[in-house]
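Asks: Below is the structure I would like to discuss, written out as structure tokens.
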Amino acid sequence: MLIYIVRHAEASAVGVEGAERDFDRMLTAAGRDDAYRMGKLMARLGIDPGKVLASPLVRAQETAALLLSGVGSTLRAVTLEALAPPGDERQLMRALDAADGEAITFVGHEPFLGEVLQLFVNGVDDPPIELAKCSIVCLERKGQGKAAKLRWLLNRDLTERVLSLA
């Protein structure tokens, strides 16, 4: 099973664009471009994100929607409360197990995503592996449990470089 972990793209600060709470922070113009281009790169590489689960926070929902649009999918992301800060590892694992071997993408926030990544790769969640904004990590998980193999990682800079080669 392939697991994709995506940190949301660059978002505006609280107080900007009507965002009165952290929950409401929207992506910046650069963040919207980055999320869409990440999806375009996934499409170009033949990567199917599978079922996309996103934090309910606005910036994660926007990242997921733009990634799916870039891939060319008409599917919508499903909201998963477990991805909202501070994160809920047990609920995330239940969602993962329910995927039944299909590819799945989680779109969320630091430090929780870094803790999950560290847990899958090294069996511990501390210290977390810090993910840059609009980064995607691909893990391969065989069977149940928390062990997974890191297959690849793309950040926004590498995405830009790869897309400029075409």
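Bear in mind that the values in this text are calculations on the coordinates, not laboratory data. This one's a predicted model, so the numbers in the text were calculated from it and none came from an experiment. Note: ideal-geometry Cβ built from the backbone for every residue, glycine included; neighbour counts use all protein chains shown.
Asks: Treating the Cα atoms of region 1-91 as identical point scatterers in vacuum, please give the log10 of the normalised Debye intensity I(q)/I(0) at q = 0.11 Å⁻¹, two decimals.
Replies: -0.30
Asks: Subtract the Cα-Cα distance of A29 and S164 from 0.36 nm times their separation in residues, and report this length gain in nm to one decimal.
Replies: Difference between extended and current length: 46.7 nm.
Asks: Kirkwood hydrodynamic radius, computed over distinct alpha-carbon pairs, for region 63-166: how many Å, to one decimal?
Replies: With all distinct Cα pairs of region 63-166 included, I get 14.8 Å.
Asks: A follow-up question, please. What nm value, rounded to one decimal, do you get for the distance between A98 and R151 when each label is placed 7 Å out toward the C-beta?
Replies: Going by the 7 Å Cα→Cβ label model, 2.3 nm.
Asks: Sticking with this one: Checking the cross-link filter: which lysines have an alpha carbon closer than 25 Å to that of K40, excluding same-chain neighbours under 8 positions apart?
Replies: Straight-line reach from K40, under 25 Å: K51, K133, K149.
Asks: Taking the Cβ of P85 as the centre, find all other residues whose Cβ is under 14 Å away and add up their charges (Lys, Arg: +1; Asp, Glu: -1).
Replies: Once positives and negatives cancel, what remains is -3.
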